[in-house]
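Some notes on the structure that comes next.
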Amino acid sequence: MKRVLLLIGFVLANALQLSAQDLNFNEGWRFLNEKAEGAESPEYDDSEWREVTLPHDWAIEGPFDVKYNARAGGLPFHGTGWYRKEFTLPKGARDKVIRLEFEGAMYNAHVYINGKFVGNRPYGYIGFEYDISQYLNFGEGTNVVAVRLSPEDLSSRWYPGAGIYRSVWLKMDEKIHVDHWGTYITTPTVGPKKAVVQNETVIINRFSEDKTIVVKQEYFAPSGNKVAEGEEELLVKAGTEQTSALFVTIENPAIWGLENPHLYTQETSLWSEGKEMDRYSTKFGIREIAFDKDGFYLNSEKLRFQGVCLHHDNGPLGAAVNRRAIQRKLQIMKDMGVNAVRTSHNPPSRELLELCDEMGILVQDEAFDVWKLAKVPNGYNKFFEEWSEIDLADMIRRDRNHPSVVMWSIGNEILEQGKKEIGWKLAKQLHEVCVQMDPSRPTTAGFNYYSAPYDNNMAQQVDIAGMNYKPSMYSEVRKNYPYLPTYGSETSSVTSSRGVYHLPIEKYSTHESLQVTSYDIIGPPWAYPPDIEFYFQEQNPHSMGEFMWTGFDYLGEPTPYGGKDNSTNGYWNADWPARSSYFGAVDLSGFPKDRFYLYQSQWTSKPMIHVLPHWNWEGMEGQEIPVYCYTNCDEVELFVNGKSMGRKVKGKDKTNIIVDFLRYEPKSFDSPYRLSWMVPYEAGNIKVIGYKNGEKINEKSIFTAGKPYQLALEVDREKILADGVDLAYITVKVLDKEGNVCPLADNKVSFIVEGVGRLEAVGNGDPTSTASFQADNRKAFNGLCLAILKASKEKGEISLTAQSKGLKKASISIISE
C-alpha cells in the first residue's frame, strides 16, 4: 500500500525537489474574502464559503476600480482573505511526521491547524512549511487547516496578487527523512570525459533514540539509465539532523547548456534496520559557470546575457501559478532570442525554475526590491530586520539545485545606495548569507544611483555589480574599478502599446489617448531606445550583457501614466484607467509588439524581417509616414505598391547613434540597428525584402485592410492534458474579406465553450481596459484578442466559437487527453 501511495504522490508532485510522499493539497478548499471572526476554529461554519482550487488569486477577479491604486493594477489585492480545508488522516499516519508546505501565499500568512496557531510568514514570495504532526487527529477524527492572509494596500510597486497563489503540499514522512529542500548538489569537476557530482543531504531523526542510517544514492542519466551510485552509513542522534556528504564520478557526462539542457535525476533513499524510511528525488544539471572582469562563462565558453526582466503575474490569469502559462511566456521569450531571465524583483515560482532548467534559459534569482528604507508605505521594509536573512537563505536552499540559476541577486535599486554608513554593511551581510548557503554562484544586485554605490563601497560587496540604466557609464566603471565584473541589470525601459502609432511621433512619453506609440523610441525620463544599449554593449565587450525592462507587460505600474514615485498620497490614478505596464516587448496577452522583433534582429541568427507601422492611414494620403524595418539581414529594399523606395544597408546609413539620440527629434531618429524611410502614404501595400550576401532571403508585406468582415482563430496547441490545470491559448483575429488583419479593429467578440473544458480568462493587451478578465467576451485591441481555455479532468474535445455582431464567426476545437 505504501508503495502505491508513494507512486501516486510522486506522479502528482511533478516536482524537482519533492519527496515521493508529497501529496498535492490544492483541491477542496473554501475561500472567503472578508474578515471572519473565529474562522480558525474547526467548528466554524464555512458551508457558505466559495469552493476554490489552488493556486488561487482572489484579486484578479476584480473589479478594476479607480479607488484601488493603479500602481498595483487597480485591483482589490488588499484586505483579509481566509482559506479553509477539511481532511482526514488514517490511524497508521499517527507515527508519521506530517508537514504542510506552502510554495507561496500573498501575504502575511497565518496558519492554523484545528484552531491552533502554527506559524506566520510575512513575505508572500517565499515558500515555507510547518511540522503539523502535534496538532492532528487520526482515524475517524477530521482536521481543519485555516489560513488567514492580510495583504496591505501600498505594499508593492506592482501587482502582487492575493491569496494562496502557489501550490500546497501535504508531506507524510517516517521519523527519519530528508529535510525540507534537503539536498544540495554541486558539480565541482565538469569535463567532456568526467564529471564529479557532490551531494550534501540533510537527514532528520525524529525518533527518541539514536539511529544508524544507511544513505544510498543513485544517479540516472537523461535517458533514464543508472550511471552512478554511492552509499554511506551515518549515526544520527535522537532529535537531531546530520548531513550526509557523498560524491560520485559520472563518465562522459551529458552537459547542461542552452542548446542541450540535459537533466539528471538523483534519488536518495534512507535505510534503518533494513527498512526503507524515505526516498527523495532531485533533478540537476551538470554544468560549469565562471566569471571574471572580462565576462561570464558557461561550460568554459564566454556568454553574454540576452536577458529580460520578468514579473511574476501571468497577465489575464493574475498571479496564480500555472505551469503552461509560464511555459508559454518563456517560449515566446526564447523566440525573441532570450537566453536569460531576471526574476524581478522577488523569488520566482518553482515552476519557472523547472521550466528554465528544461528549456535552457539562465536565471538571475532575485530576493528583494527593498531593504530597510521604504519605497512604498507598507513594503517589505517592515519585515526586513527580522526576516531578510531567513527569507534569503530559504530562497537559496530551495533553488540551488537548479542548473539554470547562475546568480543570486540580493536587491534591486535599493535606497541604501545613497547611505554611506549602512548600505555597504547590509550588502555585505546579505552577500555572506549567499556565500554560506551556496558558494558555487556569484552574488549581484541592480544599482541605479551611479556613482553612489561605488563611492560608498556597496557595489564592491557583491561579486558582479549590476548597472540599471547607465550604459554610457560601463567604460567609466571599467576604468575606475578594473577588476569589478559588471553588466546591464536593467536596461532601456522603452514603453509602447501594441499596434499603436501616433503621427507625428510624440517626443514625450505621454499622449492624450493613454497609449504609447509603438515606434520604440519613447519612454520615461530614465529610459532610452534599445539601440543605445546595443551600442554600448558592443563598445564594452567586458560587459556580461543585459536584462532589458521588460520581456512582458505586467499588471500595475502603468508608467508613463498614473503619477509619480513617492507621491504625497501614494496613488497612481491621475491617468485612470491606465492600469498596467507599457514596458514589455510583448503585451499582457502574449502578443509581440514591434520591439520584440527589434530584439530578435539582434539576438537571433535565423533570417528574419519585420516592418512597421500598419498601412491604414485613411485621410493622410500624400503625408509622409515613418516606416521602420527590423532585420538581421545585410540590407533591405522597401517597396510601396510595387515601387522601390530604395535599398538600405544595416549599420551603415546612420552611425553616430549617441549624438542622434541626445539631440533627437523622433521623426529623424535612426540607428545602425534599424532601417527607416519616410514614405508618402497611399493605400495599397508596403513590402520589405531582405538580402544576405546579395541574395534575397525573406520578405514581409503589410496591406491596407478593408472593413472588418470575419473572425479567425489560432490555437497554440491542438492537444492539452486532461488534468484540470492545462491551458490552451486561442488568438482571435479580426480580418477583412481578403484575410488581412484589421489593425484598428475594436469589435466586441463573444465566446461560447462546449465540451470538457471551460473559458478561464480573456484579454487583449490593452493597458487601459477595465473589462473583466473573467468575462465571456472581449473587445479586440488593434485587431486582436485572446481566449484562454482550461482543461477539465475528463478526456475529450473542447470547442470554442467566437462571434461578433456583423462579422462572420469562427470555431476551433482541441483535444484534451
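Each value in this text was obtained by applying a stated rule to the coordinates, not by laboratory testing. Note that this is a predicted model, so its numbers are computed, not measured. A quick note on method: Cβ atoms are made from the backbone with ideal geometry, for glycine too, and the neighbour counts reach across all protein chains shown.
Applying the Karplus relation 6.51 cos²θ - 1.76 cosθ + 1.60 with θ = phi - 60° to region 790-796 yields 3J(HN,Hα) values of 10, 6, 8, 9, 9, 7, x Hz, where x marks Gly and Pro. If you take the alpha carbon atoms of region 2-173 and fit the smallest convex hull around them, that volume is 115 Å³ per residue. Evaluated over region 79-191, the count of Lys pairs having alpha-carbon atoms less than 18 Å apart is 6 (only pairs 8 or more residues apart or interchain).
With a Cα cut-off of under 28 Å and a minimum spacing of 8 residues unless on different chains, the lysine pairs in region 357-489 number 26. Relative to its residue count, region 257-363 spans a Cα convex hull of 151 Å³ per residue. Treating each Cα of the chain as one equal point scatterer and applying the Debye formula with no solvent, the log10 of I(q)/I(0) at q = 0.05, 0.10 Å⁻¹ comes out as -0.28, -1.14. Largest first, the extents of the alpha carbon coordinates of region 504-575 on the three principal axes equal 44, 31, 21 Å. Among the lysines of region 176-284, pairs at least eight places apart or on separate chains and with Cα atoms under 27 Å apart come to 16.
Each principal axis of the Cα atoms in region 176-284 has its own extent, and those three values, largest first, are 50, 22, 18 angstrom. Taking the number of Cβ atoms within 10 Å of each Cβ as an exposure proxy, the fewest-first ranking of F751, F773, F447 is F751, F773, F447. With no solvent and one point per C-alpha, what does the Debye sum give as log10 I(q)/I(0) for region 370-438 at q = 0.15, 0.25 Å⁻¹? After summing over all Cα pairs, the log10 values are -0.51, -1.18.
What angle do you read, to the nearest 10 degrees and between 0 and 90, between the alpha-carbon axis of helix 350-359 and the longest principal axis of the chain? Taking the Cα atoms of the chain, the angle to 350-359 is about 60 degrees.
Annotation: lysines with alpha-carbon distance below 19 angstrom to K692 (same-chain offsets under eight excluded): K606, K648, K650, K652, K700.
3J(HN,Hα) couplings calculated from phi for region 49-57 with the Karplus curve 6.51 cos²θ - 1.76 cosθ + 1.60 (θ = phi - 60°) are, in sequence order, 6, 7, 7, 9, 10, 7, x, 9, 10 Hz; Gly and Pro show x.
Scalar couplings 3J(HN,Hα) for region 766-777, obtained by applying the Karplus form with A = 6.51, B = -1.76, C = 1.60 to θ = phi - 60°, are 7, x, 10, 7, 10, 5, 5, 6, 9, 6, 9, 8 Hz; x denotes Gly and Pro.
Averaged over residues, the count of other Cβ atoms within 10 Å places the peptides 462-471, 740-749, 616-625 in the sequence 462-471, 740-749, 616-625, highest first. The Cα trace of region 569-631 gives Rg and Dmax of 16.6, 50 Å, the first to one decimal, the second as a whole number. Compared with the dominant Cα axis of the chain, that is its longest principal axis, helix 323-336 is turned about 40°. Given in Å, the Rg to one decimal and the Dmax to the nearest whole number for the Cα atoms of region 357-501 are 15.9, 51.
The share of C-alpha pairs in region 710-816 whose separation exceeds 24 Å stands at 21 percent.
Taking every DSSP bridge with both residues inside the chain, close to 85 percent are antiparallel. Return the long-range amide H neighbours of T559 (sequence gap of 5 or more, or a different chain), with a cut-off of under 5 Å between placed amide H atoms. Under 5 Å from the amide H of T559: Y582. Here is the list for region 685-743: GluC sites (Glu not before Pro) lying in DSSP coil, each with at most 13 other C-beta atoms within 10 angstrom of its C-beta, are E718, E738. P(r) for region 268-331, from all Cα pairs and a bin width of 10 Å, is 15, 21, 25, 26, 12, 1 %, short bins first.
Largest first, the three principal axis extents of the alpha carbons in region 289-603 are 53, 45, 42 Å in whole numbers.
Sparsely packed loop sites in region 330-426 (the GluC sites (Glu not before Pro) outside DSSP H, G, I, E and B with at most 11 other Cβ atoms within 10 Å) comprise E421. Of the chymotrypsin sites (Phe, Trp or Tyr not before Pro) in region 473-530, the ones in a loop by DSSP (not H, G, I, E or B) with at most 11 other beta carbons within 10 Å are Y483, Y508.
Both radii come from the Cα set of region 532-616: Rg as radius of gyration, Rh as Kirkwood radius; their ratio Rg/Rh reads 1.08. Length gained on full extension, E512 to E61: 159.5 nm, using 0.36 nm per residue less the C-alpha separation. Taking amide H positions as modeled 1.01 Å from N, with prolines and chain starts lacking one, the residues under 5 Å from I176 and 5 or more places away or on another chain are R206. Given the -39500 (n - 2.57) contribution per DSSP H run of 4+ residues, what per-residue ellipticity at 222 nm results for the chain, rounded to the nearest 500 deg cm²/dmol? Estimated from H runs of four or more residues: -4000 deg cm²/dmol.
Amide H contacts for R342 (H built 1.01 Å from N in the peptide plane; partners 5 or more residues away or on another chain; cut-off under 5 Å): V308, C309, L310, Q364.
Between Q460 and D776, residue separation times 0.36 nm minus the direct Cα-Cα distance comes to 108.4 nm.
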